[in-house]
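Peer 1: Mind looking over this structure? Questions follow.
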Amino acid sequence: MNIDSINDSTLSPALSVENLSFAYEKGNYLFKNLHFQLEKGQILQILGANGAGKTTLLNCLARQLHPKSGVIRLFGRDLRQISRLELAQKMAYVPQLSASLCRFKVIDYTVMGRTPHLKALASPGEADYGLARRYLADLRLSHLAEKTMDQLSGGERQQVQIARALTQQSPLILLDEPANHLDYGNQHRILGLMTSLAAQGYTLIATTHMPDAPLLTGGFVGIFAGGQFLFGPSSEMLTGQTLEKIYGIQGKVLDIPEIGRKACFCLQPQANSGENRKTVSINNQL
Amino acid sequence: MTAKKKNRIIFISLSLLLLGCCILSLSLGRYPVPFDQTLSILLHKIRPLSAAWNEDMANVVLNVRLPRLLGGVLVGAALAASGATYQSIFRNPLVSPDLLGVSAGACTGAALAIVLHAGTFMVQMLALVCGLAAVGLTNLIPRFFRNQSSLMLVLAGVVVGGFMNALFGILKYVADPEQELASIVYWTMGSFANIKQPILQALAPGMLAALAVLFLLRWRINVLSLGEREAASLGINVGLTRGLCILCATALTACAVCLSGAIGWIGLITPHFARLLTGEDARSLLPASVLIGAILTAATDWLARNLTGAEIPLSILTGLVGAPAFIILLLAQKRKIQE
């Protein structure tokens with residue numbers, strides 16, 4: 001389905017963030033004066049060490065947390081002035097994999113994406129089920145429709161969650177660590193799916209622990225490092241220096257002609273670098 | 001649509017089973033009435049038939065057994081519906097309707113009325129009021145801490161339940177052991193013997209209304225069971241919807257406890273039975289729970305009256321049957337029960 005038929009919005013950017021600051025405790029800012037803008041069809045991947053503010057930023061964008069100051073505009077409109085239903089019609093959220101251990105049938109889970117389009121007290125009807133089936137078919141998941149969610153593998157479950165977000169027909173999709181807990185093949189399958197969704201006109205924002213992810217999907221990267229937020233095209237922003245700044249490891253980003261793209265490497269995994277060990281091991285895998 | 005067909009078969013069989021239990025319960029007892037005559041007595045109310053029964057039979061069926069049966073069926077339906085709702089919105093299959101302190105509150109209220117030598121009607125009313133007050137208190141605590149998560153609410157329920165149990169203990173301690181204490185203990189074991197027409201007429205409309213509201217919210221209950229964060233991202237007003245569900249489910253439990261005393265197990269295991277038949281979806285889980293809960297209480301009450309000469313308190317039967325039944329249920333779904 002073409003996203004233009006759903007998204008009637010004008011020339012204003014899909015998402016713009018101006019001077020955003022957030023603090024859990026008074027005066028102790030997690031980030032300050034954060035600034036960026038995304039056009040329709042662009043991807044933003046957010047990188048940062050554990051606790052640096054990735055998920056907090058995502059939660060601010062989803063209006064789950066309230067920033068101390070600054071303005072977030074969704075298709076030109078102040079996020080604070082959008083009604084609950086309209087927000088859900090414009091912005092879908094794909095939760096982390098661990099959060100979705102329910103026993104609904106895949107088709108019933110997918111059709112929940114229609115909830116913001118239903119009248120109060122209504123249940124989804126034939127048309128809604130038709131849409132859900134169509135998006136499951138788009139992602140080649142039709143054969144799973146009658147299974148229950150807890151019977152699926154992690155990779156299948158993540159794809160069904162994305163099918164639900166598509167069924168929600170929101171032009172902007174937030175994904176909380178979509179490649180987490182997936183095997184090497186499924187990680188890349190999800191990233192490939194994100195790239196093709198962006199090509200269809202969806203705007204995507206994802207957090208990730210995989211520094212190669214922004215290089216694989218292209219688009220923009222937002223980096224939490226050393227108390228700063230850096231934003232720019234991923235191929236320019238990601239360098240050995242930024243890897244060091246984010247994770248405290250010696251890293252290098254090399255352009256590899258054989259695969260036609262840049263890739264991240266960790267030079268010397270340091271066993272004593274505490275917090276960042278997890279990232280080191282991910283890098284070694286790649 | 002095989003799923004739809006399967007659901008239809010389930011609901012028709014459950015309804016027939018409920019009807020069978022009701023006829024059985026109306027006919028059998030210390031004064032047996034033949035089945036066909038029970039049916040004629042009931043039908044006579046709708047369309048006059050030539051009387052082939054005596055006055056005593058009609059009196060037993062219509063004035064003694066029918067209110068008790070209707071009350072029992074309503075109690076079962078109420079406990080089951082509220083159990084299913086609680087388990088869905090708190091995302092926990094071990095939750096029962098007294099999670100937020102409603103039973104502890106109701107017991108305290110009933111004990112207070114018994115110690116004050118109030119009549120049966122007052123015992124029931126005070127149970128209702130104190131049950132609702134306990135849950136009101138539970139709802140105030142998260143507000144006080146400005147933390148509206150469901151975990152906070154559950155913890156508040158534990159606190160209020162514990163406090164109410166202490167008050168209940170004081171009342172039992174000061175009660176006269178010969179009569180008052182005995183009545184308190186009997187009351188907490190549950191019985192349908194005290195369901196008379198006036199209290200039924202007073203509570204039934206409210207209970208039916210609460211059941212109807214939960215049924216209207218069935219899709220929203222599904223979405224809420226995904227968790228607060230996801231429900232909010234799907235455009236649900238989590239606080240309002242969850243509050244409404246809790247209000248209805250709690251009112252149902254409070255009314256049930258007020259009619260029949262505390263009856264264990266029904267609210268906990270009925271949704272598990274229903275889930276085996278219909279799956280997780282509240283759109284079929286809720287009505288299936290209502291029917292199964294009604295069948296279970298009708299059958300239990302019939303057993304309670306007929307097993308021995310004296311009437312067996314309901315909680316004893318539901319516990320004796322419910323605990324092994326729960327084990328069988330767990331066996332049936334052991335693959336699915338993990339973390």
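The values are calculated or read from the model by the stated rules, or taken from the named source; none is laboratory data. Because the structure is a prediction, the values reported are computed rather than measured. Counting neighbours? That spans all protein chains shown, and the Cβs are built from the backbone with ideal geometry, glycine included.
Peer 1: Could you identify the single residue in B:S233, B:S191, B:S260 that is under 30 Å from A:A62 (Cα atoms) and of a type in the set (S, T, N, Q)?
Peer 2: B:S233 is the lone residue from the list that is under 30 Å from A:A62 (Cα atoms) and of a type in the set (S, T, N, Q).
Peer 1: Could I ask something else about it? Run down A:V253, A:V221 and say which single residue is touching a Cys at 6+ places or on another chain (Cβ under 6 Å) and not in a loop (DSSP other than H, G, I, E, B).
Peer 2: After ruling out the rest, the residue left standing is A:V253.
Peer 1: Next question, about the same structure. Can B:D56 be described as without any contact (Cβ under 8 Å) to a residue 12 or more places away in the chain and either within 15 Å of the chain's Cα centre (by Cα) or more than 23 Å from B:I266 (Cβ to Cβ) (or both)?
Peer 2: no
Peer 1: Follow-up. Would you confirm, using the coordinates I've provided, whether A:D108 is more than 9 Å from chain B (Cβ to nearest Cβ) and among the acidic types (D, E)?
Peer 2: When the stated conditions are applied, A:D108 does not pass them.
Peer 1: Any chance you could count how many residues in segment A:42-61 are at pLDDT 95 or above and part of a loop (DSSP other than H, G, I, E, B)?
Peer 2: So the count comes out to 1.
Yes/no matrix, rows are residues, columns are (1) facing chain B (nearest Cβ under 9 Å); (2) buried (at least 21 other Cβ atoms within 10 Å of the Cβ); (3) of a type outside the set (K, R); (4) not in a helix (DSSP H, G or I):
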position	(1), (2), (3), (4)
A:M112	yes, yes, yes, no
A:P116	yes, yes, yes, no
A:L121	yes, no, yes, yes
A:P124	yes, yes, yes, yes
A:D128	no, no, yes, no
A:L136	no, yes, yes, no
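Peer 1: Kindly check whether there is at least one residue in segment A:73-84 that is at the interface with chain B (Cβ under 9 Å from one of its Cβ atoms) and part of a helix (DSSP H, G or I).
Peer 2: Scanning segment A:73-84, I find at least one residue that is at the interface with chain B (Cβ under 9 Å from one of its Cβ atoms) and part of a helix (DSSP H, G or I), so the answer is yes.
Peer 1: State all residues of segment B:120-144 that are farther than 15 Å from B:G239 by Cβ and surrounded by fewer than 19 Cβ atoms within 10 Å (Cβ to Cβ); if no residue qualifies, say none.
Peer 2: B:T120, B:F121, B:M122, B:V129, B:G136, B:L137, B:I141, B:F144
Peer 1: In segment A:141-157, is there at least one residue being closer than 23 Å to A:P171 by Cα and either within 9 Å of another protein chain (Cβ to nearest Cβ) or of a type in the set (A, V, I, L, M) (or both)?
Peer 2: yes
Peer 1: Is it the case, given these coordinates, that A:D78 is more than 20 Å from the chain's Cα centre (by Cα), at pLDDT below 90 and more than 17 Å from A:G222 (Cβ to Cβ)?
Peer 2: no
Peer 1: Do any residues in segment B:113-125 that are farther than 10 Å from B:E180 by Cβ have Cβ atoms under 8 Å from those of residues that are of a type outside the set (A, V, I, L, M) and part of a helix (DSSP H, G or I), where the two are at least six apart or on different chains, and which pairs are they?
Peer 2: The qualifying pairs are B:F121/B:P198; B:V123/B:W187; B:Q124/B:C258; B:M125/B:C258.
Peer 1: Check segment A:43-59 and report whether any residue there is within 14 Å of chain B (Cβ to nearest Cβ), surrounded by 22 or more Cβ atoms within 10 Å (Cβ to Cβ) and either out of contact with any helix residue (DSSP H, G or I) (no Cβ under 6 Å at 6 or more places or on another chain) or farther than 18 Å from A:P171 by Cβ (or both).
Peer 2: no
Peer 1: What's the total number of residues in segment B:148-171 that are surrounded by 15 or more Cβ atoms within 10 Å (Cβ to Cβ), within 17 Å of B:T250 (Cα to Cα) and modelled with pLDDT of 90 or more?
Peer 2: Count: 6.
Peer 1: From the list B:A210, B:A256, B:A204, which one is at pLDDT 90 or above, within 20 Å of B:A282 (Cα to Cα) and more than 14 Å from chain A (Cβ to nearest Cβ)?
Peer 2: That would be B:A210, the only listed residue that is at pLDDT 90 or above, within 20 Å of B:A282 (Cα to Cα) and more than 14 Å from chain A (Cβ to nearest Cβ).
Peer 1: Which one is surrounded by the most Cβ atoms within 10 Å (Cβ to Cβ), of the residues in segment A:240-250 that are of a type outside the set (A, V, I, L, M, F, W, C) and in a helix (DSSP H, G or I)?
Peer 2: A:Y247
Peer 1: Within segment A:228-251, can you find the residues that are under 12 Å from A:A52 (Cα atoms), in contact (Cβ under 8 Å) with a residue 60 or more places away in the chain and not hydroxyl-bearing (S, T, Y)?
Peer 2: Passing the criteria: A:F229, A:I246.
Peer 1: Sticking with this structure for a sec: Anything in segment B:273-317 that is among the polar types (S, T, N, Q) and within 14 Å of another protein chain (Cβ to nearest Cβ)? List them, or say none.
Peer 2: B:T278, B:S284
Peer 1: Inspect segment B:7-22 for any residue being surrounded by 13 or more Cβ atoms within 10 Å (Cβ to Cβ) and hydroxyl-bearing (S, T, Y) and give the result as yes or no.
Peer 2: yes
Peer 1: I would also like to ask the following. What residue, among those in segment A:93-105 that are crowded, with 19+ Cβ neighbours inside 10 Å and within 19 Å of A:L58 (Cβ to Cβ), is nearest to the other protein chains (Cβ to nearest Cβ)?
Peer 2: Applying the filter and picking the extreme gives A:Y93.
Peer 1: Shifting gears a bit: From the residues in segment B:163-195 that are more than 20 Å from the chain's Cα centre (by Cα) and hydroxyl-bearing (S, T, Y), which one is nearest to B:H117 (Cα to Cα)?
Peer 2: The residue in question is B:S183.
Peer 1: If you check A:A132 against the conditions, is it surrounded by fewer than 21 Cβ atoms within 10 Å (Cβ to Cβ), among the aliphatic types (A, V, I, L, M) and assigned to a helix (DSSP H, G or I)?
Peer 2: Answer is no for this residue.
Peer 1: Determine whether B:I327 is at pLDDT 90 or above and out of contact with any His (no Cβ under 8 Å at 6 or more places or on another chain).
Peer 2: The answer is no for B:I327.
Peer 1: I want to confirm something. Restricting to segment B:232-270 and keeping residues that are among the hydroxyl-bearing types (S, T, Y) and under 21 Å from B:G136 (Cβ atoms), which single residue is surrounded by the most Cβ atoms within 10 Å (Cβ to Cβ)?
Peer 2: Result: B:T253.
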